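Here the structure comes first, spelled out in structure tokens, and everything after it is commentary.
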Amino acid sequence: MPSWYKDFQYNPKKDQASDVRNILLIVAALIAAVTFQAGVNPPGGVCAEGPHPSCFKSHYPGTAIYASRETEFYVFLVSNTVALSTSVLVIISLTCKFPFRLEVRIATASMLATYASAIFAVTPAHYSYHFRFFLIAAALPFVLRALIYLVMCKANQEQENLCGKCRSGISEDNSCRKCGSEIPKNSGSVEV
């Protein structure tokens, strides 16, 4: 009996790259929409007038009612921010060579700025010392992707400078550390 789970998994032999990109764009846009809306209108809503009776601390009108549960609200905001930021990173990455890519980047940057201003508006003033963590959460996916890219580029660069037999590392004098054979300087190809 065939497994439906295996049928729906990504298969590089059968799936077209453009179809995969389109599906990822749809999923990322859906996540961005949901997380943006959750940040603008947090669970439980916002106080309409004066202190809300269910809050432990008095909230001003327009602040999140859920913020009365500090730890839970903090986890919600950080997790929601990481999800939004990650989905924006995916959208920007998948549309990097599209027409109107500049407009897409401007729109996503504006959406992040709108999200940040909404978060700051609905978060009570006594949370102000936590805002640095929200900024770190927003930057986290971008920083991780940049670090992964740098590590992968470094690994690929080191592999290009090895002889075809060894591929174990390079020495300072442009020779293979393992066997000592010279690696051509002008050629990007590897000796065999």
Next on the checklist: List pairs: first residue in region 9-29 and touching a residue at least 60 places away in the same chain (Cβ under 8 Å) and within 14 Å of Thr86 (Cα to Cα), second residue small (Gly, Ala, Ser) and part of a helix (DSSP H, G or I) anywhere in the structure, Cβ distance under 7 angstrom, at least six positions apart or on different chains.
Outcome noted: Ala28/Ser87
Checklist entry - Quick check: is even one residue across region 98-115 within 19 Å of Thr71 (Cα to Cα), assigned by TED's automatic domain parsing to the domain that holds Asn22 and assigned to a helix (DSSP H, G or I)? => result no
Checklist entry - Of the residues Pro99, Pro124, Pro141, which single one is farther than 21 Å from Ile31 by Cα and buried (at least 17 other Cβ atoms within 10 Å of the Cβ)? => result Pro124
Checklist entry - Would you call Cys153 more than 30 Å from Val75 (Cβ to Cβ), at pLDDT 65 or above and of a type outside the set (A, V, I, L, M)? => result yes
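The values are calculated or read from the model by the stated rules, or taken from the named source; none is laboratory data. Since the model is a prediction, treat every value here as computed from it, not as a measurement. Cβ sites come from the backbone with ideal geometry, for glycine too, and all protein chains shown count toward neighbours.
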